[in-house]
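The values are calculated or read from the model by the stated rules, or taken from the named source; none is laboratory data. Values in this document were obtained by computation on a predicted structure and should not be read as measured data. For neighbour counting, all protein chains shown are included, and Cβ atoms are generated from backbone atoms with ideal geometry for every residue, glycine included.
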């Protein structure tokens, strides 16, 4: 009997070093896991996303001749034609879609009897909340009504919701998002499940050797307490809140350092907010974009992880990675952060610099508490967000839709 044929439709390359972000990381880890489970995997990405053909990672890459968003007619047409072409030779048993990126191929898959499994990270209802929360006055509200609301509503009502309702499996990355999908999108409980994002907890793990090497590279002294945040430098991540909090903390705790890793549109504004004095003396360090393979070293160089999100997260990879490396987290109660951290960190209301500074001072002045929370964080990451637990759930899902193939763990 042949192997189970699986397609993964994603906006990002599944290969290391090609792109960044949570959905990119998820696509890379999911592709790797599907190969480990013995499937015959084809990864379908937009034109220019990755070179088509066999990949060394053990799967085939195919391109959709379009790089538009999946709510656009041209994308759906290109996706449908690509599905027809591939079904002539290797029809799938199941198609994994990042969000609704497989939109357009539903009729083709229906004819071929293939199931659709859609992963949901952050969806348009969440984006709606993000835009509304940024409305600061009559002019911005008028702009929102004229520009953002119609676009979001059309995407949600005419593409996203119909696609998710047609899927045989809708997989939310957090319980928080699953509740919203049931309540507002009316996704039936029979097809809705939760599969938390996962990391390799043998790669993201506490390491004294990595800590000493990276702290030396970063010119950090043994007595400094290092707060670290990582992600795209744009407003929803709340890095401006972290800098405001650190400025409140800096004089009260002179042995502290704030490190930020990432790049984005807010970088210049964040550096201005931090000020030349704190940057020049090394109290605030902007590390730039760091590759995934570099992050374990940087996490180990730090003492506390910050995620001061002001908008809901699905289930943030950086938070899981930091916890797996034994860092106690301080984060906000938005989105999936609460179920990620549990009792292994400090949870705060969002956009409260003074409260964040107080929590930072608490951990900076109490090494014992830092250590205890770090151990809890590591254990929680291993128990809830490891590759093993993800593999078991994906294996069960594949077993529900075997088609004419088989897979082996």
Report task. For region 59-68, indicate whether the set of residues that are in contact with a helix residue (DSSP H, G or I) (Cβ under 6 Å, 6 or more places away or on another chain) and touching a residue at least 60 places away in the same chain (Cβ under 8 Å) is non-empty. Result -> no
Query - Yes/no for residue 390 being in contact with a helix residue (DSSP H, G or I) (Cβ under 8 Å, 6 or more places away or on another chain), surrounded by 19 or more Cβ atoms within 10 Å (Cβ to Cβ) and in contact (Cβ under 8 Å) with a residue 60 or more places away in the chain - result: no
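For region 28-47, does any single residue satisfy the condition of being farther than 21 Å from residue 397 by Cβ, assigned by TED's automatic domain parsing to the domain that holds residue 81, out of contact with any strand residue (DSSP E or B) (no Cβ under 7 Å at 6 or more places or on another chain) and part of a loop (DSSP other than H, G, I, E, B)? Working first, answer last.
Going residue by residue through region 28-47, those that are farther than 21 Å from residue 397 by Cβ are 45-47.
Right, trim to assigned by TED's automatic domain parsing to the domain that holds residue 81 and you get 45-47.
Then drop every residue that is not out of contact with any strand residue (DSSP E or B) (no Cβ under 7 Å at 6 or more places or on another chain), which leaves none.
Scanning region 28-47, I find no residue that is farther than 21 Å from residue 397 by Cβ, assigned by TED's automatic domain parsing to the domain that holds residue 81, out of contact with any strand residue (DSSP E or B) (no Cβ under 7 Å at 6 or more places or on another chain) and part of a loop (DSSP other than H, G, I, E, B), so the answer is no.
Residue by residue through region 81-95, note down the ones that are surrounded by 19 or more Cβ atoms within 10 Å (Cβ to Cβ) and either assigned to a loop (DSSP other than H, G, I, E, B) or touching a strand residue (DSSP E or B) at 6+ places or on another chain (Cβ under 6 Å) (or both).
Of the residues in region 81-95, the ones surrounded by 19 or more Cβ atoms within 10 Å (Cβ to Cβ) are 82-83, 86, 92-95.
Those that are surrounded by 19 or more Cβ atoms within 10 Å (Cβ to Cβ) and either assigned to a loop (DSSP other than H, G, I, E, B) or touching a strand residue (DSSP E or B) at 6+ places or on another chain (Cβ under 6 Å) (or both): 82, 92, 93, 94, 95.
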Query raised in the report: Is it true that residue 51 is part of a loop (DSSP other than H, G, I, E, B) and either surrounded by fewer than 19 Cβ atoms within 10 Å (Cβ to Cβ) or in contact with a helix residue (DSSP H, G or I) (Cβ under 6 Å, 6 or more places away or on another chain) (or both)?
Result: yes
Query raised in the report: Residue check: is residue 220 modelled with pLDDT of 95 or more and part of a loop (DSSP other than H, G, I, E, B)?
Result: yes
Query raised in the report: Only one of these conditions is not met by residue 191: (1) surrounded by fewer than 20 Cβ atoms within 10 Å (Cβ to Cβ); (2) modelled with pLDDT of 95 or more; (3) closer than 30 Å to residue 75 by Cβ; (4) touching a helix residue (DSSP H, G or I) at 6+ places or on another chain (Cβ under 8 Å). Which number is it?
Result: (4)
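Report yes if residue 361 is at pLDDT 95 or above and either buried (at least 18 other Cβ atoms within 10 Å of the Cβ) or within 23 Å of the chain's Cα centre (by Cα) (or both), otherwise no.
Details: at pLDDT 95 or above: yes; either buried (at least 18 other Cβ atoms within 10 Å of the Cβ) or within 23 Å of the chain's Cα centre (by Cα) (or both): no.
Here the answer is no, as residue 361 does not meet what is asked.
Yes or no: residue 357 in contact with a helix residue (DSSP H, G or I) (Cβ under 7 Å, 6 or more places away or on another chain) and more than 28 Å from residue 19 (Cβ to Cβ)? Break it down into steps so the answer makes sense when it comes.
Working: in contact with a helix residue (DSSP H, G or I) (Cβ under 7 Å, 6 or more places away or on another chain): yes; more than 28 Å from residue 19 (Cβ to Cβ): yes.
Yes; evaluated as a whole, the condition is true for this residue.
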Requested in this report: Find the residue count for region 244-260, including only residues that are part of a strand (DSSP E or B), farther than 14 Å from residue 277 by Cα and in contact with a helix residue (DSSP H, G or I) (Cβ under 7 Å, 6 or more places away or on another chain).
Outcome: 2
Query raised in the report: Taking residue 8, is it in contact (Cβ under 8 Å) with a residue 60 or more places away in the chain, under 20 Å from residue 399 (Cα atoms), crowded, with 21+ Cβ neighbours inside 10 Å and in contact with a strand residue (DSSP E or B) (Cβ under 6 Å, 6 or more places away or on another chain)?
Result: yes
